[in-house]
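*Asks:* There's a structure below that I have some questions on.
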Protein chains: 4
Amino acid sequence: MVVKEDDKIFLDRPIFVWVISGLILFSVLCFSVETLPDLSSETKVFLKYSELLIAVIFTLEYLTRVALSQRRLNFVFSFYGVVDLVAILPFYLAFAVDLRTLRLIRLLRLVRVLKVVRYNTALLRFARAIYLAKEELVIFTGMSLVLLYLSAVGIYHFEHTAQPEVFKSIFDSLWWSVATLTTVGYGDIYPITIGGRFFTFFILMIGLGLVAVPTGIVASALSAVRREDEVSCNLEK
Amino acid sequence: MVVKEDDKIFLDRPIFVWVISGLILFSVLCFSVETLPDLSSETKVFLKYSELLIAVIFTLEYLTRVALSQRRLNFVFSFYGVVDLVAILPFYLAFAVDLRTLRLIRLLRLVRVLKVVRYNTALLRFARAIYLAKEELVIFTGMSLVLLYLSAVGIYHFEHTAQPEVFKSIFDSLWWSVATLTTVGYGDIYPITIGGRFFTFFILMIGLGLVAVPTGIVASALSAVRREDEVSCNLEK
Amino acid sequence: MVVKEDDKIFLDRPIFVWVISGLILFSVLCFSVETLPDLSSETKVFLKYSELLIAVIFTLEYLTRVALSQRRLNFVFSFYGVVDLVAILPFYLAFAVDLRTLRLIRLLRLVRVLKVVRYNTALLRFARAIYLAKEELVIFTGMSLVLLYLSAVGIYHFEHTAQPEVFKSIFDSLWWSVATLTTVGYGDIYPITIGGRFFTFFILMIGLGLVAVPTGIVASALSAVRREDEVSCNLEK
Amino acid sequence: MVVKEDDKIFLDRPIFVWVISGLILFSVLCFSVETLPDLSSETKVFLKYSELLIAVIFTLEYLTRVALSQRRLNFVFSFYGVVDLVAILPFYLAFAVDLRTLRLIRLLRLVRVLKVVRYNTALLRFARAIYLAKEELVIFTGMSLVLLYLSAVGIYHFEHTAQPEVFKSIFDSLWWSVATLTTVGYGDIYPITIGGRFFTFFILMIGLGLVAVPTGIVASALSAVRREDEVSCNLEK
């Protein structure tokens, strides 16, 4: 197997993993509550101290990981090492920077959530399927982008004269393309001319096909990976 | 086979099954009609007596099932035994509790509908496919939740200053995430800034991929289960 | 093969099939144009004579088919015999009935469109896949209906007090369920309470899974049918 | 293999391909910016000269390709030859035609984007899957169109009297069909009668199934193509 096993340290025992996951979720909840308008000063104080506590715990965890790993530099520059560092840095940086950009830096703190990924290895089969279908997915993405742009140009041509305030430029038309081809359809921008409506229908027929394709590609790749596993399983027996 | 056959009693004959199913549907219809405003008093009386009759029939059915089953306690604490009991309890409890909470208890009566499940065994293949793909589905659900939250934070950052009344907090942004990533798009909350729209496009490209994945997983697992069945079928021959 | 070949008569030659298909499409177009408000009297006369001509041609075709088929009664009561008859009957019945119900009868004329189905046999593989997955599709449909109803009851409970004019009864809530779980999301009816929004999220997570399942079932069944064909193909060689 | 290798000329080297792709994207961006209202005259001049430069480069590229290809006429009338010509023609034609139709001709310039397709051969497997499932996809498209029309007629029947201004004719109803069956749901046109809502539910149950089918078809065909490749791979070994 290509997968390298992590060093088994006490921080990777189930009980620690669950406590850390709980803290991550709590920290995310605090971050969300902070955005609520009209918070009482008690809540603000509570949130501030919660954040302090979490930052301390995560820092201790990070330092322990560095200390316990056999090749320290390797850990620091590994994917998980960087994620762990990024998860605690925002707290310390927040003190040095002004308040407006602070909010932007805070977004980085959300990467803590991504640490959940760490504790799961069943993702591998899925990753292999994605790798197997990589080229087809790139082609699909490219074709989708081209279709998005072409449909924006088309609808601009049809609707600009009828609704100059709604379909102002190709950039506004692109927003329509996104909302329509993903079938979200907010209803803030839609065609009203016969030509525009017919064009929408035409584009959607192609667009829904494009959405169906990656689904088929992923399903097909997953089937292939599963079959491969069965064969290698039989051979081992 | 792992499936244990139910005790064949006369209550499981097709004719009874259809009558009971019909009564379940009728009871559900009555429950729905009750919520209509401006009902005549005749209708109200009719609904009341219908409910009484159905409760009596279901009680009799339950008691007969208990009486006829060989291991009574096993039946009472089995999944179907509990469902049957829960389906009749609301009627008797409704007399003892006040009217407002009554409505909540009534929701339980809908579990009657779930009794339909009882009469079908073809679900097993599907259940096996779900079991086979269990871990991948858990991962997918986790990734979806993370994406939902990250997109809520992102859109809050982009739209809060432009629409402070619409994107009030991260919780309102979460509602936008749900409506957008599921492609429902009610149109009550949507981005208007260039940054927010570009972010929406970006998130939707990832989000639609996430929706495509479980479809592929389920399709792949169902294929595997079907192939397994064919092989075991050939071996039996 | 199970497929029975049709009697080869000159009416099934490509040239006739295309002419008849063209007439069907023209007749459908006429029917649509008739619903436009403010038609000139010339157009109305033209539409009237077009319909007369099409009815005459279709009647002649039907009579020829009956006359040329070896077992006439078999043809008259076959699926295509009935479809052909239903496609011309509305024209003759329209004279005897009053104008309001006439419109309803006219809907039947659209069955003409279904005649297109006649000229294609590649549908068989698809039909076999549907037949193979029949039971699973029935279960899925049942589960979807139950979920639709349960979500209607749930949202009624959460939103009725907050929006009594929008979520009037369970029937209005059902309309919300349909628009939401199919991800159409018109935006005429949506939750505004925190509980209702959370419930919507929860229901959509389950609902989108339900949508993914039949896709997987159909894909899996089509794979099985295709594999079957390949095996029987190899055996024939 | 069926695939014919292109003549290897220096214009197909990676460095040239990337430069040309970049110019295509830049040209598309310019075209979009041109549609913005209130452009400064400096921007207009810049855009004009950019377009001139791109047209010159693409013309030179085209002429070089013609000159270097061994069978020149074959290249000129090949798919890529025509695409390359169409990508530069709009610039020269724009001088001869008046301004209003000019905008229409400009749309053709977007075909330049399609040149991206040229530089990728992984599309072949996907093309083979589409070819394999061709007949089923045609049937599906036909059935979708019939369903679209039938649902338009149905909703017209149910809603015309209740909303004569919204569901004016079958053509407006068709717009509703498109927006609903693709689950876009802009919210500009939706049923309000009980019959219309029930009909919508019914049509959506069938319609979502239709959307699931092509996904399954493509997935199944891709699986077959992948299996074929594996088998031929093993045989070569």
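Please treat every number below as a calculation from the coordinates, not as lab data. In this text, all values refer to a predicted model and were calculated from it rather than measured experimentally. In this analysis, Cβ positions are derived from the backbone assuming ideal geometry, glycine residues included, and neighbour counts consider all displayed protein chains.
*Asks:* Past 29 Å, Cα to Cα, is the threshold; run B:K134/C:K134; B:K48/C:K168; B:K134/B:K168 against it and keep the listed order. Spell out each step's value before the answer.
*Replies:* Numbers: B:K134/C:K134 24 Å; B:K48/C:K168 21 Å; B:K134/B:K168 37 Å.
Going by Cα-Cα distance, B:K134/B:K168 fall outside the 29 Å limit.
*Asks:* Normalised by the number of residues in segment B:154-220, what is the relative contact order in percent for Cα pairs under 8 Å and 6+ residues apart?
*Replies:* Once divided by the residue count of segment B:154-220, the mean separation gives 33 percent.
*Asks:* Over all residues in B:186-198, what is the mean tally of Cβ atoms on other chains that come within 10 Å of each residue's Cβ?
*Replies:* Details: counts 17, 15, 8, 2, 7, 3, 2, 0, 3, 0, 1, 6, 4.
Mean shielding count: 5.
*Asks:* Next question. Measuring from the lowest to the highest alpha carbon on each principal axis, how far does segment B:127-236 reach, largest first, in angstroms?
*Replies:* If we take the Cα atoms of segment B:127-236, the spans are 68, 19, 19 Å.
*Asks:* Can you give the net charge of the other residues whose Cβ lies under 11 Å from the Cβ of D:I155, counting K and R as +1 and D and E as -1?
*Replies:* Numbers: positive: D:R197; negative: D:E159, D:D172.
Residues close to D:I155 contribute a combined charge of -1.
*Asks:* Take the Cβ-Cβ distance between D:L52 and A:I194 as r, set R0 to 35 Å, and report the resulting FRET efficiency rounded to the nearest 0.05. Kindly include the intermediate steps, with their values, before the conclusion.
*Replies:* Values: r = 37 Å, r/R0 = 1.05.
According to the calculation, E is roughly 0.45.
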